[in-house]
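The values are calculated or read from the model by the stated rules, or taken from the named source; none is laboratory data. Treat the numbers as computed from the prediction; the structure is a model and nothing was measured. Cβ sites come from the backbone with ideal geometry, for glycine too, and all protein chains shown count toward neighbours. SASA here: full protein model, heavy atoms, side chains in, ligands and nucleic acids out. Shrake-Rupley method; radii C 1.70, N 1.55, O 1.52, S 1.80 Å.
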Amino acid sequence: MAERFNLTAQIQLQAPRNTSNIVGDIRKQLSGITANVKVKGDARTLAQINKQMQGVDKAASSSAKSVGRLNRNLSEAARRFSVITVATGTMLALARAIKNAVGEAIAFERELIKISQVTGKTVQNLQDLTQEVTRLSTVWGASSKELLNVSRVLAQAGFSAEKTRQALDILAKTSLGATFNSLTDTTEGAIAVLRQFRNEAKAAGGDIKFLEQTMDAINSVSKKFAVESGDLITVIRRVGGVFEAAGGSVNELIALFTSVRATTRESAETIATGLRTIFTRIQRTDTVDQLAALGIQLRDSQGQFVGAYEAVSRLSQGLKGLNPRDFRFSEIVESLGGFRQIGKVIPLIRQFTTAQDALNVAQSSSGSVSRDAETAQKSLAIQAKKVREEFSAMIREFADSSTFRSVAKGALEMASAFIRIAEALEPLLPLIASLIALKIGRALGPGLGALVGIGGKRKAAGGRIQGYARGGFVPGKGNRDTVPAMLTPGEFVIKKSSAKKLGTGQLESMNKMGTGGPVGPNDFKSRFNRTRVVREEH
């Protein structure tokens, strides 16, 4: 018998390594295959689908039309709203402009009366001034209100009517400059220039010509150096008298101030105070002698002071070679300005080149203000201001008419009459207030009583309302509804004429028999049940 053998085998499985090649062959073989897909169905199903698709198309078209109509409606609404807004805004702006212009016209008249009081001339005699103010405001775009105020200030300063008119032309142009402050401040500076530099004004050919030259110099220097026109006007007002007494001119003062201001950037008031101290001390005998010892002569051949500007020039040249740490330099600086004004003396001496440049600009500045005023006319703001001034001038002319004055006078008299009536009624105000409070209390009393559930039935005169739950005639006289009544639902009211025809006995009998039973040949039971006679006939 053959023996059995057991064989044990182990098999190891591995994934194929050519998988990518097989996938590539399959894709290559399937790349040219196409198939037509047909949807089969019965005719009814296809018709329903087609109908549904047409419905969807109609709905989409209807939606598109609705959106189009909505857009058109919105556009039309926006257009109408914009038109209404523009029209309404225009009307409101016009009304507001008229109101403001009328107020300005009244203020203009008040200012004109002030000028009349100052000059002693009548308002009619000031028509030339009024016309000049109107011309300047409408031609240049200056404020008519400010110009009229300037006219009053000039009149107070003693300017004649002709000089006032000429000065207004110059000052109106400065209000259009780039660095000038308010017209009022400029006017104060103009008066200070003409009063403090009288001799220079005479030499220049008159006040008006000198004023124009000074304003041109201020305008040109302020544009080319780090200094404002308002600062220059401030220093002229504060130092002009002292500087002119020291033999200086207005352009020289402008130049020296510019050198200090451009260097230190201190305020105009502070620098003006320092310059006033320096120009006072520089003329002292001990100071002049001390400088003479250093070779700096501040007197001319006749022994007179050389002048403020020339003195600063000689100080600058003489101290240029002196070391600032030299004790002599410190002594000179302290003697010129004192301990507090050393900060102004040093730049005044060491920055004299800046002063020379500023002086050259000031002396070659003719026509500067007029050119800037013409340039300012290109601005839309100035053009709009000119239109407003033209409108204000028209309203002023209208307000000056006899018709407007008559209407205004009548309105004021009527308002005054109402005020007098109110004053006459003042003692009666407590009594009137009491009567009003009583009337309001009577009107609110019944409602409040019914609201909170308190209070009784009252007559119109304030008494208790009589009860007629069992019926009966209402006492009293008259043919008006003066007796209040409260009725129960289901009751019947007989008017006064019918009550008279039926008679008291008949009505009382009917009222008593209201619970049942005959009351006579006619059965009133079915017609009247618990009758109350409470109504009167008108």
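Here are the numbers for this structure:
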| quantity | calculated |
| --- | --- |
| Candidates 174, 179, 214, 187 - the one that is modelled with pLDDT of 90 or more, over 17 Å from residue 366 (Cβ atoms) and of a type in the set (Ser, Thr, Tyr) | 187 |
| Filtered residue count, region 298-330, keeping only those that are at pLDDT 80 or above, closer than 23 Å to residue 257 by Cα and out of contact with any strand residue (DSSP E or B) (no Cβ under 8 Å at 6 or more places or on another chain) | 15 |
| For residue 247: the one exception among (1) in contact (Cβ under 8 Å) with a residue 12 or more places away in the chain; (2) surrounded by 18 or more Cβ atoms within 10 Å (Cβ to Cβ) | (2) |
| Test: residue in region 337-344 that is farther than 19 Å from residue 217 by Cβ, part of a loop (DSSP other than H, G, I, E, B) and open to solvent by 30 Å² or more (accessible area, probe 1.4 Å) | yes |
| Selected residue (only one of 306, 312 is in contact (Cβ under 8 Å) with a residue 24 or more places away in the chain and surrounded by fewer than 21 Cβ atoms within 10 Å (Cβ to Cβ)) | 306 |
| Failed criterion for residue 144 (all others in (1) free of Cβ contacts under 8 Å to residues at least 60 places away in the same chain; (2) open to solvent by less than 30 Å² (accessible area, probe 1.4 Å); (3) closer than 23 Å to residue 370 by Cβ hold) | (1) |
| Every residue from region 115-131 that is farther than 12 Å from residue 397 by Cα, open to solvent by 70 Å² or more (accessible area, probe 1.4 Å) and assigned to a helix (DSSP H, G or I) | 117, 124, 125, 128 |
| Subset of region 250-272 [open to solvent by 10 Å² or more (accessible area, probe 1.4 Å) and assigned to a helix (DSSP H, G or I)] | 251, 252, 261, 262, 263, 264, 269, 270 |
| Residue match in region 167-174 (condition: more than 35 Å from the chain's Cα centre (by Cα) and without any contact (Cβ under 8 Å) to a residue 40 or more places away in the chain) | no |
| Answer from 203, 192, 226 - the residue that is open to solvent by 10 Å² or more (accessible area, probe 1.4 Å), outside any helix (DSSP H, G or I) and aliphatic (A, V, I, L, M) | 226 |
